[in-house]
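Chemist: Quick one: structure below, then a few questions.
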Amino acid sequence: MERSVLSGMVLALVFLFVFLFLAAQYESWIVPIAVILSLPVAALGAYLGIWATGLHNDVYFQIGLVTLIGLAAKNAILIVEFAKVQVDTGVDVVQAAIHAARMRFRPILMTSLAFVLGMLPMVLASGPGSASRHSIGTGVFFGMLVAITVGIVLVPFFFVLIYKIKRTLRMDRVARIIPKKKMLFFMVAVSAITFSFSSCKLGEKYARPELNLPAELEAGADSLSVDNIPWESLYADTTLQRLITTALENNKDMKIAAAKIKEMIAAKRITFADQFPEIGARIYSQKERLNYGGDNPKPDPEYGAKLTLSWELDLWGNLRWANEAGVAAYLQSVEARRGLQLTLVAEVAAAYYQLCALDRQLAIVRQTLEARREGVRLAKLRYDGGLTSETSYNQALVELARTETLVPSLERQVKIKENDLSLLLGEYPGYIPRGLSLDQQHLPDALPVGLPSALLERRPDMRQAELKLREANAKVGVAYTDLFPKISLTGNFGLESEELGDLLKSPAWFLAGDLLQPLFAMGKNKAKLKASKARYEQEVYSYQKSVIGAFKEVNDAIVTIHMAKDIRRSQEKLEAASRKYLKLAELQYINGVTNYIDVLDAQRGYLDAQISLNKAVLDELLSVVYLYKALGGGYTSASEEIQ
């Protein structure tokens, strides 16, 4: 498909240039069409030739195609020019066309057959490099055969047809609109515009590196993914939902990311605008005094008001590669903001659950502290009554003091976690409202992991890494096209005079073209190309590493969520057993069966079991949060567009 498009562009450009130069030569927009209409016949013969021989439409064939069009146009010009001279002397159009065909047929046939026979060695070539000669020779050989057998017969017919159309349409109006003196200027402008927008784009198109993705993320996983689970549905606690919404609105990193997007939009606009002409206005006044030889002073004033034009023609795709790099950089900032939102949602949820877990742990410790105080009171009564020794009483005091030290430490952790959450919310440190308690928080037992290929499209960091690779590839294209000539147009049009009073009577215009071809720079440009290719290679490995890291993160999260559920179940059994053991120990102590040390051991075991169960519940919630984040969940919601 790309070859056919490129071939069509080449044909269009060749036809355009032939038409414009013939229009300048004949000072007519209509007469050259007779030549142009005969050229597709030759091109058709070339395409039939490579189709019949099984060759491809490659760059060598297109080189031969350009040569063929030139030769076919030369033959048609011989007839058209001779016929036009006859018509200008008053001969009838039909008679002039027939006479021109008779007079020019023999020289055209002889030179064309000689050229066709000269192409045979290329058509029949063998050995190294024969493939390129086959493409060039076959296209020209068959194209010229069709041109001298069919095309040359059609030229007189086209000439008569065009002259009759010219008389009907009165195309001399075009000449009044575009004067002959400005015809060359008009041709150059049209050619530059057409060639700039139709020119080729050298360099290798981006292709995603081979990743050899695993067949599935988890055994038995289907194609469902977290795309269908927005964070508002996952986190049912309305207080947590409000906190996440506040963070997305006020978080300073999110605002920085949004501002970065604005910067990259402007930068993208700059690279896009570089592809188009730059037009400005200049009004100036200057006066110079010259005195060559010291005895002949001459003032040289100048006044002017002009429109200026500067335009670099993007013949090889240099500016388009730069624009592609700018677009990739802009999209990276968009994906960075999406990735930040994904991370922010996970961090707020995790911090909120950790805060709820600290609240629960503090409540457990305070409840235990009340039990310790009651134990001290009972131990003192039994000691005062002579039922126990002072040792049991002192052991109760030790456990009370040990438990009391836990409260301020947990209160400090609660305040610090509230401050951390306030920072995520973009607010000053303060109280964080709570909703459901930790044991009331419920998240899905499992999340759909989807297909491996979908993970790359779902995670913003993966898309950002690939866009960085695209940018590096585009910069390779920039460095490669820097090796080719650069053509720029400069011009101005306006008024210029030595006297201010004559300014409006003094039109002036200027048009210049510059071609800059790097010739010698001690290998600097080639070194830039090698450096850009090396950077691209680095980005390839970096992208592959990022993909492997993403799959490791998902796999770790899947393992963690399964193990967290098992640990939570085990801790629930441990907590129930510890609670039952404590009740039995207290009952036996009251009845004098055991000593107080057994009660203290049971109380310590129950406290540890409660804290461990609290931590297991938290870990299970966090495992779902981090798996959701690893799978790319957390940004596909309406709040994504919050500015």
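The values are calculated or read from the model by the stated rules, or taken from the named source; none is laboratory data. As the structure is a prediction and not an experimental result, all values here were calculated from the model. We place every Cβ from the backbone using ideal geometry, glycine too, and count neighbours over all the protein chains shown. Quick note on the areas: whole protein, heavy atoms, side chains included, nothing else; ligands and nucleic acids left out. Shrake-Rupley method; radii C 1.70, N 1.55, O 1.52, S 1.80 Å.
To keep it simple, each residue is scored yes or no on (1) in contact with a strand residue (DSSP E or B) (Cβ under 6 Å, 6 or more places away or on another chain); (2) under 30 Å from residue 485 (Cα atoms); (3) in contact (Cβ under 8 Å) with a residue 24 or more places away in the chain.
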{"residue": "314", "(1), (2), (3)": "no, yes, yes"}
{"residue": "338", "(1), (2), (3)": "no, no, yes"}
{"residue": "359", "(1), (2), (3)": "no, no, yes"}
{"residue": "365", "(1), (2), (3)": "no, no, yes"}
{"residue": "370", "(1), (2), (3)": "no, no, no"}
{"residue": "388", "(1), (2), (3)": "no, no, yes"}
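Chemist: Moving on to the next point. Conditions first: (1) modelled with pLDDT of 75 or more; (2) more than 30 Å from residue 54 (Cβ to Cβ); (3) touching a Gly at 6+ places or on another chain (Cβ under 9 Å). Residue 222 passes all but one, so which condition is the exception?
Modeler: Only one criterion is unmet by residue 222, namely (1).
Chemist: What number of residues in the range 461-492 are hydrophobic (A, V, I, L, M, F, W, C), open to solvent by 40 Å² or more (accessible area, probe 1.4 Å) and more than 22 Å from residue 515 (Cβ to Cβ)?
Modeler: 0
Chemist: Among the residues of the range 422-460, which ones are under 37 Å from the mean Cα position of the chain (by Cα), buried (at least 19 other Cβ atoms within 10 Å of the Cβ) and not in a loop (DSSP other than H, G, I, E, B)?
Modeler: Hits for the range 422-460 are 424, 455, 456, 458, 460.
Chemist: Looking at the range 506-525, which of the residues that are outside any loop (DSSP other than H, G, I, E, B) and over 30 Å from residue 281 (Cβ atoms) is most open to solvent (accessible area, probe 1.4 Å)?
Modeler: This residue is 524.
Chemist: Additional query: Considering each of 351, 379 in turn, give the residue that is at pLDDT 95 or above and in a helix (DSSP H, G or I).
Modeler: Values: 379 fails: at pLDDT 95 or above.
Only one candidate passes the filter, namely 351.
Chemist: Mind listing just one residue for me: the one in the range 102-114 that is open to solvent by 60 Å² or more (accessible area, probe 1.4 Å) and not basic (Lys, Arg) and, of those, modelled with the lowest pLDDT? Show your work before the answer.
Modeler: Quick first cut of the range 102-114, residues open to solvent by 60 Å² or more (accessible area, probe 1.4 Å) only: 102-106, 110-111, 113-114.
Add one more test, that the residue is not basic (Lys, Arg), and what stays is 103, 105, 110-111, 113-114.
Details: 103: 82, 105: 77, 110: 82, 111: 80, 113: 82, 114: 81.
Selected residue: 105.
Chemist: Among the residues of the range 38-89, which ones are open to solvent by 70 Å² or more (accessible area, probe 1.4 Å), in a helix (DSSP H, G or I) and of a type outside the set (Val, Ile, Thr)?
Modeler: The answer is 44, 48, 51, 52, 60, 74, 81, 88.
Chemist: Taking the stated definitions as given, is residue 346 in contact with a Gly (Cβ under 7 Å, 6 or more places away or on another chain), touching a residue at least 40 places away in the same chain (Cβ under 8 Å) and assigned to a helix (DSSP H, G or I)?
Modeler: Yes.
Chemist: Check residue 547 against each of (1) within 21 Å of residue 326 (Cα to Cα); (2) surrounded by 14 or more Cβ atoms within 10 Å (Cβ to Cβ) and name the one condition it does not meet.
Modeler: Checking residue 547 against (1) within 21 Å of residue 326 (Cα to Cα); (2) surrounded by 14 or more Cβ atoms within 10 Å (Cβ to Cβ), the one that fails is (1).
Chemist: Just a yes or no: is a residue in the range 558-569 hydrophobic (A, V, I, L, M, F, W, C) and more than 43 Å from the chain's Cα centre (by Cα)? Spell out how you get there, then give the answer.
Modeler: At the first step, the residues of the range 558-569 found to be hydrophobic (A, V, I, L, M, F, W, C) are 558-559, 561, 563-564, 567.
From what's left, more than 43 Å from the chain's Cα centre (by Cα): 567.
Yes, that holds for at least one residue.
Chemist: Taking only the range 573-598 into account, find how many residues are touching a residue at least 40 places away in the same chain (Cβ under 8 Å) and either within 18 Å of residue 367 (Cα to Cα) or hydrophobic (A, V, I, L, M, F, W, C) (or both).
Modeler: 1
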